[in-house]
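A short worksheet on the structure shown next.
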Amino acid sequence: MSEITNDQVSHLANLARIALTPEEIDKLTGELGVIIDSIAKVSEVATADVPATSHPIRLVNVFRPDVPGPTLTAKQALAGAPEHDGSRFKVSAILGEEQ
C-alpha cells in the first residue's frame, strides 16, 4: 500500500475547496492508495519496448469505400414532391417573408 496519509488527503481537499468529513477523508485515503498502487503496477510493465497506446484494441475504419453508384434522375427525385416546378422542389418560406 502506498504512503497516502489522511493529512495529505485533507490538504488536497482544502486546495480543491472540497469540504470532507473525517469519514470521507478515511475512505478517500484508502481509495487514493489503491489508485497509486495500480499506477505503480502499470509503470512496472510499461518498459521502453512496449509502445504507448491510446486504445487497447486496434482501431479500424469500418466505413465502406466511397464508390459512385446509380443516382435518381430529376424526374424520379421530384416524383414524390408535394410541389415542384419541373426541375426543382418548391417549398414555402420558413421566415414568413417571400424571397
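The values are calculated or read from the model by the stated rules, or taken from the named source; none is laboratory data. Keep in mind that this is a model prediction, so the values were computed, not measured. Because the Cβ atoms are built from the backbone with ideal geometry, glycine has one as well, and the counts that use them run over all protein chains shown.
Just one of the numbered conditions (1) surrounded by 10 or more Cβ atoms within 10 Å (Cβ to Cβ); (2) outside any helix (DSSP H, G or I) is not true of ALA77: (2). Of all the residues in segment 1-53, those that are touching a residue at least 24 places away in the same chain (Cβ under 8 Å), outside any loop (DSSP other than H, G, I, E, B) and loosely packed, with under 11 Cβ neighbours inside 10 Å number 1.
Listed by first and then second residue, the pairs linking a residue in segment 57-76 that is under 30 Å from ARG88 (Cβ atoms) to a residue that is assigned to a loop (DSSP other than H, G, I, E, B) and at pLDDT 90 or above, with Cβ atoms under 9 Å apart and 6 or more places separating them unless they lie on different chains, are LEU72/ALA79; ALA74/ARG88.
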